[in-house]
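Participant: Could you have a look at this structure, given as structure tokens, before my questions?
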Amino acid sequence: MPSQSRGQREQSRTRAVKLDARQREIRLSTPYRLDLTVSVLRRLSTNLVDVIAPTGEYYRVLDGLARGDTTPVVAHVRQSRADRLVVRLEGGDHGRAETDRAIALLRRSLGVDRELAHFDRAAAAIPWLAPLALRMRGVKPPRYQSLWEACVNSIVFQQVSLLAASAIMGRLITAVTEPLESAGVRLHPFPTIHQFLATSHDALRAAGLSESKLGTLGRVAEAIAEGALDERALEELPSDAAADRLREIKGIGPWTAALVLLRGLGRLDVFPANDTSVARNLAMVSGSAEPDVDAALKALEPQQGMLYYHLLLGRLESRGALGEPSGASVV
């Protein structure tokens, strides 16, 4: 028998999730735009976990909801009205408790309850930021579904370009997890700590992870698994103290800690400084203006983290990549 290609092997082990669905509505704090919020969450259309279908729906395998032998829980989310999301859930045990947990997780991860009136007012008074903020009105701060996911993303994206880090993340995910299919769309769950630790270092290195990043990821995995690094405990700390706690782990510096707080804990009072992509995006957004970034951050406090998201959206907008279906090419 002829050997299978990688694509054929992946197709053969793709599971289909085709069970009776549950549907719920989520009321929104307006203005809200799902397309912009998911664009910030996934960064690029090559993201295998946070998927935008050709229909514009957002698909995601939800973390930690499946129990025992139940199939993974997949959420399909669409914005039906300015103040409403419609969520359809597939898989899992179909129990009410599981459904309630899924909705709570989506509310948090999609930032539906976050109020950004202060940022909107402050941004409107900053000449170089105001036009972008107006075009992106309705984006809400997303949040990764677990501290582990936030740490992995932040570490993988250290000191490499957005495109390179996204490619590494894609290879890491395909090396560790199996794809599944929902309504004809292929997506991957985010790797669990157990799956990561059970994967050989050779496979992880082949994905593009350096020895340094592998070491940091291993230390984070062990700290979370053993309870030494706990999301609830971090939640109770002010941002400075939470950043200090994260930095106790070798390999996590100020930038990584800030990104974990912003993307993982929803802390808008942090801004990942010394980021080369931020500098490039600032130059693109401000044009010929000479932005006083320190003054802008001061004016935006305590929601200065939204500037980080707006700069990313500005870059995606310049590429025509806002809300584009997953798998689209990025230039």
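Participant: Working only within region 20-37, note down all residues that are open to solvent by less than 60 Å² (accessible area, probe 1.4 Å), β-branched (Val, Ile, Thr) and more than 11 Å from LEU313 (Cβ to Cβ).
Facilitator: Once the filter is applied, which keeps residues that are open to solvent by less than 60 Å² (accessible area, probe 1.4 Å), β-branched (Val, Ile, Thr) and more than 11 Å from LEU313 (Cβ to Cβ), region 20-37 yields only ILE26.
Participant: Show the residue pairs meeting these rules: Cβ distance below 8 Å; 6+ apart or different chains; first residue within region 287-314 and open to solvent by 30 Å² or more (accessible area, probe 1.4 Å); second residue in a helix (DSSP H, G or I).
Facilitator: Listed by first residue and then by second, the contacts come to PRO291/LEU282; VAL293/LEU282; LEU297/LEU307; ALA299/ALA122; PRO302/HIS118.
Participant: If I filter region 149-160 down to residues being modelled with pLDDT of 95 or more and touching a Ser or Thr at 6+ places or on another chain (Cβ under 7 Å), which single residue comes out as farthest from LEU259 (Cα to Cα)?
Facilitator: ILE155
Participant: Scanning region 296-327 for residues that are part of a loop (DSSP other than H, G, I, E, B) and small (Gly, Ala, Ser), which turns out modelled with the lowest pLDDT? Show your work before the answer.
Facilitator: The initial filter retains those residues of region 296-327 that are part of a loop (DSSP other than H, G, I, E, B), namely 301-304, 319-327.
From the residues that got through so far, the ones that are small (Gly, Ala, Ser) too are 320-321, 323, 326-327.
On the way: GLY320: 91, ALA321: 91, GLY323: 90, SER326: 90, GLY327: 79.
Ranking the candidates gives GLY327 first.
Participant: Pick from region 47-84 the residues that are touching a helix residue (DSSP H, G or I) at 6+ places or on another chain (Cβ under 9 Å) and polar (S, T, N, Q): which of them is surrounded by the fewest Cβ atoms within 10 Å (Cβ to Cβ)?
Facilitator: Step by step, filter region 47-84, then rank; the result is THR70.
Participant: Determine if region 161-175 includes at least one residue that is modelled with pLDDT under 95, assigned to a loop (DSSP other than H, G, I, E, B), polar (S, T, N, Q) and over 30 Å from ARG232 (Cβ atoms).
Facilitator: So far as region 161-175 goes, yes, one or more of its residues are modelled with pLDDT under 95, assigned to a loop (DSSP other than H, G, I, E, B), polar (S, T, N, Q) and over 30 Å from ARG232 (Cβ atoms).
The values are calculated or read from the model by the stated rules, or taken from the named source; none is laboratory data. All values derive from a computational prediction rather than experimental measurement. As a convention, Cβ positions derive from the backbone with ideal geometry for all residues, glycine included, and neighbour counts pool all protein chains shown. For accessibility, only protein heavy atoms count, side chains too; no ligands or nucleic acids. Shrake-Rupley method; radii C 1.70, N 1.55, O 1.52, S 1.80 Å.
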